[in-house]
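Working notes, structure below.
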Amino acid sequence: MVVSNTLATGTLLALVLVVGMVPSNPAHAASAQEIDIKVDATIDRFYTSVSGGKDFVSKAKGILVLPSVIKAGFGIGGEYGEGALRIAGKTVDYYSTAAASIGR
């Protein structure tokens, strides 16, 4: 029972520390212009890093680009990212991804 209480106390302390580190400002989603700038940079990096990247993209009906998905966690985790769907080189819609996990 001592191990269980110690584990529960440790978990509660970790949760309090994580919640205490969350900024008090409400979450801020990037503007369409900010997302497009990051998507452009990511596509440019893809073209320079991947041999045949431009040919690959030219054959795709569309590409969904999420420039960065940030993950964090210790016991309790989460991730979030924003991006854009490009068809024929133009943004047609914006997307976000979010996930949370508890435990391993």
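Restricting to strands (runs of 3 or more DSSP E) lying wholly in the range 56-104: which have 3 or more residues that are under 16 Å from residue 44 (Cα atoms)?
In the range 56-104, the matching strands (runs of 3 or more DSSP E) lie at 63-74, 76-87.
Residue-wise test of (1) at pLDDT 95 or above; (2) of a type in the set (A, V, I, L, M, F, W, C); (3) touching a strand residue (DSSP E or B) at 6+ places or on another chain (Cβ under 7 Å).
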{"site": "4", "(1), (2), (3)": "no, no, no"}
{"site": "7", "(1), (2), (3)": "no, yes, no"}
{"site": "10", "(1), (2), (3)": "no, no, no"}
{"site": "16", "(1), (2), (3)": "no, yes, no"}
{"site": "19", "(1), (2), (3)": "no, yes, no"}
{"site": "32", "(1), (2), (3)": "no, yes, yes"}
{"site": "35", "(1), (2), (3)": "no, yes, yes"}
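The values are calculated or read from the model by the stated rules, or taken from the named source; none is laboratory data. Predicted, not measured: the structure shown is a model, and the values here were computed from it. Every residue, glycine among them, receives a Cβ derived from its backbone with ideal geometry; neighbour counts consider all protein chains shown.
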